[in-house]
1. Got a number for residues in region 13-68 being in contact with a Lys or Arg (Cβ under 7 Å, 6 or more places away or on another chain) and at pLDDT below 90?
2. Which residues, counting only those in region 127-150, are open to solvent by less than 30 Å² (accessible area, probe 1.4 Å) and in contact with a Phe, Trp or Tyr (Cβ under 6 Å, 6 or more places away or on another chain)?
3. In the set GLY35, GLY22, GLY41, GLY48, which member is in contact with a helix residue (DSSP H, G or I) (Cβ under 6 Å, 6 or more places away or on another chain) and either part of a loop (DSSP other than H, G, I, E, B) or not aromatic (Phe, Trp, Tyr) (or both)?
4. Any residue at all in region 71-82 that is of a type in the set (Lys, Arg), surrounded by 13 or more Cβ atoms within 10 Å (Cβ to Cβ) and either over 24 Å from SER19 (Cβ atoms) or at pLDDT below 95 (or both)?
5. If you check every pair at least six apart or on different chains, which have Cβ atoms under 9 Å apart with a residue in region 17-41 that is exposed (fewer than 10 other Cβ atoms within 10 Å of the Cβ) first and a residue that is assigned to a loop (DSSP other than H, G, I, E, B) second?
6. Quick one: count up the residues across region 42-61 that are closer than 22 Å to ARG109 by Cα and surrounded by 18 or more Cβ atoms within 10 Å (Cβ to Cβ).
7. Taking the criterion of being in contact (Cβ under 8 Å) with a residue 60 or more places away in the chain and either of a type in the set (Asp, Glu) or part of a loop (DSSP other than H, G, I, E, B) (or both), would at least one residue in region 2-15 satisfy it?
8. Determine which single condition SER107 fails, assuming it passes every other condition in (1) modelled with pLDDT under 95; (2) within 19 Å of ALA140 (Cα to Cα); (3) among the hydroxyl-bearing types (Ser, Thr, Tyr).
Amino acid sequence: MSGASSLARRLRRRLLSRSLEGLVEWERLDQPKPGYTIVIGCVTDLSGIALANLRALERCDLSRCQELLLVFDRPLSEVHVLNELPERVGETPVRVMGYSSVQARKSRRIGWGWVYSWLSWSIGIGAAETRAVCLHDLDAMPLAEDLFER
């Protein structure tokens with residue numbers, strides 16, 4: 001690898017890091033709730049998969065799960081399946097969040113899938129009230145009923 005291409009790659013990485021700074025923040029939990037939170041980053045254009053994933057989660061043992069957080073990659077005003085999402089999966093509450101307009105604009109401008117994953121999961125981690133957080137892929141359907149409890 002040439003020195004020029006290595007320098008260009010480091011410069012791109014630094015510029016990308018700078019553009020992501022301050023997009024998400026959270027406070028330290030002084031008294032986290034017991035159990036865990038499941039965070040699912042949702043691609044709005046694939047929101048039907050989120051519904052299928054929640055149906056799959058209905059078959060899972062979520063007895064120690066405090067909350068399911070769905071984080072959509074747009075402001076909630078642009079998410080059209082909100083009225084189809086359940087308030088609970090079994091006994092576990094479902095909370096829906098979306099990007100701010102600034103977060104949506106910056107992530108759309110970058111256009112890389114990993115930025116959406118990072119941002120969605122970071123928003124979810126920041127909103128979680130438990131110390132433990134499971135980052136769950138939108139299209140990963142849990143087949144084992146005890147997956148999360150294990």
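1. Residues in region 13-68 being in contact with a Lys or Arg (Cβ under 7 Å, 6 or more places away or on another chain) and at pLDDT below 90: 2 in total.
2. THR130
3. Among GLY35, GLY22, GLY41, GLY48, only GLY41 is in contact with a helix residue (DSSP H, G or I) (Cβ under 6 Å, 6 or more places away or on another chain) and either part of a loop (DSSP other than H, G, I, E, B) or not aromatic (Phe, Trp, Tyr) (or both).
4. Looking for residues that are of a type in the set (Lys, Arg), surrounded by 13 or more Cβ atoms within 10 Å (Cβ to Cβ) and either over 24 Å from SER19 (Cβ atoms) or at pLDDT below 95 (or both), one finds none in region 71-82, hence no.
5. PRO34/ARG64
6. 3
7. no
8. (2)
The values are calculated or read from the model by the stated rules, or taken from the named source; none is laboratory data. All values derive from a computational prediction rather than experimental measurement. Positions of Cβ are generated from backbone atoms using ideal geometry, with glycine treated the same way; all protein chains shown enter the neighbour counts. For accessibility, only protein heavy atoms count, side chains too; no ligands or nucleic acids. Shrake-Rupley method; radii C 1.70, N 1.55, O 1.52, S 1.80 Å.
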